[in-house]
Amino acid sequence: MEAESDPEPEKEPDLEPKTEEPAVEKGDEINYDIEIPEEVAAETENAEEEIDENSVLDDDSAELLSIEEIVQKLRGLLVSDHPQRREVDEVKNQFYRSLRNETESQKAAFLESGGESIDFVVNESEIYAEGKELIRKIKEKRAVLLAREDAEKEKNVAKKMAIIDQVRHLAESQNQEDFNKTYQEFRSLQQQWNEIKLVPQTKVNELWKEYQRHVEKFYDLVRINNEFREYDFKKNLELKTELCEAAERLDEEPDMVSAFHQLQNLHQEWRDIGPVSRKDREDIWNRFKAASTLINKKYQAHFENLKGKEEENLAAKTALCEKLEAIDYSKLNSVRDWNNKIKEVLDIQKQWREIGYVPKKWNIKIYDRYRAACDFFFRNKNDFYKSMHGEMEENLKKKIALCERAEALKDSQDWKKTTQDMIFIQKEWKAIGIVPRKYVDSTWKRFISACDYFFEQKKLHASSQHDEESKNFDKKKEVVEKINKLDTSLSSEQALPLLRELMDEWYSIGHVPFKIKDRAYKEFYDATEAQFDRLNIDKTDRKLDSFKSNISDMVKSDNARRQLLRERERLMRQYERMKVELQTYENNIGFLSVSSKKGNNLVDDMNQKMKRIKSELELLVKKIAAIDEEL
């Protein structure tokens with residue numbers, strides 16, 4: 001949760017900025033004389049007021065920029081000639097949202113590590129301090145600019161009042177003798193009026209109505225040359241028709257807020273255009289009013305939809321409060337229980353931040369309820385960890401012991417066994433509960449440093465071993481080539497010793513890479529079998545040679561004696577089983593009658609099986625003898 005020093009209030013901002021209130025209340029009609037209601041004019045006037053930083057919260061629907069990007073925008077706004085309020089507010093909202101997220105992140109980490117809420121102090125970085133200072137300077141700069149604008153607006157009121165007096169004088173004088181001069185004076189006054197832009201919004205309608213009344217009087221009461229009069233009416237009608245078309249196109253604008261503000265600009269342009277002929281006045285105004293009413297109603301509906309969304313947001317936030325308040329603290333009896341529940345609460349806080357605004361009247365109430373539930377949770381969590389002080393001290397002793405075990409193993413080169421030991425130690429570490437917060441980092445760094453050192457050394461060893469195994473593969477390939485090229489002119493007595501010598505050389509070479517182990521052996525096996533076949537070597541001798549090569553590999557392993565003994569026991573069991581099988585055949589063959597052809601065939605079959613068994617028994621005896629020799 002947020003610290004007491006958080007820069008933002010414990011409330012959320014109003015949904016509708018004052019500058020975005022509908023121009024016309026629902027169901028109202030626009031009067032011919034008043035093109036924009038006075039209440040909107042007043043709101044527009046207030047729109048230039050600064051917003052205090054304590055009323056600014058983030059717009060959760062906007063994409064959050066990085067703090068560096070936000071500060072860069074603030075720098076740009078400070079050096080601009082006239083920073084606009086809307087843009088300033090958007091950047092300020094982004095800044096305070098980023099600051100709030102950073103504060104909450106720091107506090108969550110502080111509470112997670114066992115700290116107490118009352119002890120939390122925000123660690124504000126330089127870039128956030130710079131952002132606050134930029135916002136302060138921008139606010140001061142805008143205040144100066146607004147003060148100048150206010151003074152200029154008051155002067156402009158006096159100027160417009162003077163123009164109205166002059167138009168009234170022209171209309172009342174009815175000087176027909178030099179009409180061209182009078183008309184040029186009138187056009188000059190119109191131009192001066194249009195060039196004056198800034199006046200207080202509260203006086204806009206009043207000034208415009210007074211000005212329009214005398215302008216129309218000038219056209220209606222003074223007998224003006226029809227050529228000038230009709231020309232003005234025609235041009236004004238063309239301009240107002242274009243405004244009507246522009247207002248009607250706003251119906252296609254997807255952003256209703258933008259459409260509404262564009263409509264206000266069109267109304268301002270309408271005011272600056274002079275009258276049209278009496279027969280066209282009502283029609284052109286009704287067309288413009290109809291387009292304006294359509295946009296105003298859509299704008300009103302837009303905010304009604306937002307208010308409906310606010311109710312949904314209120315329901316969602318109320319549900320989150322109920323979840324927090326429903327936590328059963330009697331079931332949180334272990335560190336694991338609390339850690340799981342902390343994750344749930346942090347997830348609830350994340351959901352809260354992602355939910356939009358609620359109705360204004362519920363802002364403070366729902367936030368206070370949420371804040372109280374969160375604070376209550378973290379107070380209970382802190383109390384639980386305080387009660388576990390003795391257990392944490394015991395956990396610290398266990399973790400220090402694991403650090404010592406890991407440090408004792410880190411230089412071991414028994415890679416297989418030590419790897420298993422290290423993995424087991426790491427599992428033990430995870431199973432141990434929390435330790436006092438001030439020892440968390442130091443014990444973890446000590447433990448992980450020992451583990452990392454061992455596994456880094458193992459990795460270096462594996463790399464060098466792979467290089468060695470690749471060289472062994474090349475050596476074995478050379479031996480296989482020699483076997484394949486054995487001199488075929490030699491007799492069996494001469495060639496066999498050479499073949500066995502090459503086989504011994506192949507076996508004496510160390511391991512090859514695991515991925516090509518089978519391939520290397522197949523090349524060797526195919527080469528030796530081809531030579532044995534050429535030299536008519538008995539298959540029993542081949543099997544014995546193959547077996548001897550296998551036990552040679554066993555001798556090189558870490559637990560050679562245990563593997564050899566296990567293999568000897570297996571061979572002994574196989575020997576006893578085959579011996580019993582041979583005895584059975586010998587007993588049964590005496591009962592068979594050879595008087596028939598069928599009986600004779602059966603006897604021959606059994607004799608073949610007995611011969612095979614005797615041959616295998618001889619091979620087993622030789623295999624057992626080979627193992628005994630190794631042992």
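A short reminder: the numbers here are calculations on the coordinates, not readings from a lab. Everything numeric here is computed off the predicted structure, so don't read it as measured data. Every residue, glycine as well, gets a Cβ built from its backbone with ideal geometry; the counts of neighbours run over all protein chains shown.
In region 391-453, a dipole from Cβ-located charges (positive for Lys and Arg, negative for Asp and Glu) runs towards its positive end, and of Phe424, Val440, Ala406 it is Val440 whose Cα lies farthest in that direction.
Couplings for region 202-207, taken from phi via the Karplus curve 6.51 cos²θ - 1.76 cosθ + 1.60 with θ = phi - 60°, read 5, 10, 4, 5, 4, 5 Hz in order; Gly and Pro are left as x. Between Lys323 and Gln268, the distance separating the two model label sites (each 7 Å from Cα on the Cα→Cβ line) works out to 4.6 nm. Note on region 245-396: Cα-only Rg and Dmax are 28.0, 97 Å.
Gyration tensor over the Cα atoms of region 240-320: the corresponding equivalent ellipsoid has semi-axes (square roots of 5 times the eigenvalues, largest first) of 36, 11, 9 Å. Over all other residues within a Cβ to Cβ distance under 12 Å of Val580, the charged ones net out to 0, with Lys and Arg as +1 and Asp and Glu as -1.
The alpha carbon centroids of region 137-212 and region 336-397 are separated by 61 Å. All C-alpha to C-alpha distances of region 189-280, sorted into 10 Å bins beginning at zero, yield P(r) values of 14, 41, 33, 11, 2 percent in whole numbers. Its Cα gyration tensor gives region 343-469 an equivalent ellipsoid, and the semi-axes of that ellipsoid, as √(5λ) in whole Å with the largest first, are 47, 21, 9. Relative to the current alpha-carbon distance between Asn339 and Gln563, full extension at 0.36 nm per residue lengthens the span by 75.9 nm.
Tally Lys and Arg at +1 and Asp and Glu at -1 over the other residues with C-beta under 11 Å from the C-beta of Glu112: what net charge comes out? Net charge in that neighbourhood comes out at +4.
On the basis of the beta-carbon distance and an R0 of 35 Å, Ser508 and Gln457 show a calculated FRET efficiency of 0.80.
So, R0 is 51 Å and r is the distance between the beta-carbons of Glu501 and Val603; what FRET efficiency does that work out to, to 0.05?
FRET efficiency, Glu501 to Val603: 0.70.
Residues in region 239-262 near a label at Glu149, defined as backbone nitrogen under 20 Å from the 7 Å Cα→Cβ point? Hits in region 239-262 for Glu149 at 20 Å: 258-262. In order along region 524-530, phi translates into HN-Hα couplings of 5, 5, 4, 5, 5, 4, 5 Hz, rounded to whole numbers, per the Karplus curve 6.51 cos²θ - 1.76 cosθ + 1.60 with θ = phi - 60° and x for Gly and Pro. Note on Lys427 and Val79: their simple-model spin labels are 6.2 nm apart, each label 7 Å out from Cα toward Cβ.
The Cα trace of region 395-514 gives Rg and Dmax of 24.9, 83 Å, the first to one decimal, the second as a whole number. Taking label positions 7 Å along the Cα-Cβ direction at both Arg519 and Glu581, the computed distance is 3.7 nm, reported to one decimal. Using R₀ = 22 Å, calculate the FRET efficiency as 1/(1 + (r/R₀)^6) where r is the Cβ-Cβ separation of Glu242 and Ile196; round to 0.05. So the FRET efficiency works out to roughly 0.45. Summing charges over all other residues whose Cβ lies under 11 Å from the Cβ of Ser80, with Lys and Arg as +1 and Asp and Glu as -1, gives +2. Starting from the Kirkwood Rh over alpha-carbon pairs, what translational D in µm² s⁻¹ does region 391-453 have by Stokes-Einstein at 10 °C and 1.306 mPa s? It comes out at roughly 134 µm²/s. For region 455-532 versus region 238-296, the spacing of their alpha-carbon centroids is 94 Å. Applying the Karplus relation 6.51 cos²θ - 1.76 cosθ + 1.60 with θ = phi - 60° to region 351-364 yields 3J(HN,Hα) values of 4, 4, 5, 7, 7, x, 6, 10, x, 3, 5, 9, 3, 5 Hz, where x marks Gly and Pro.
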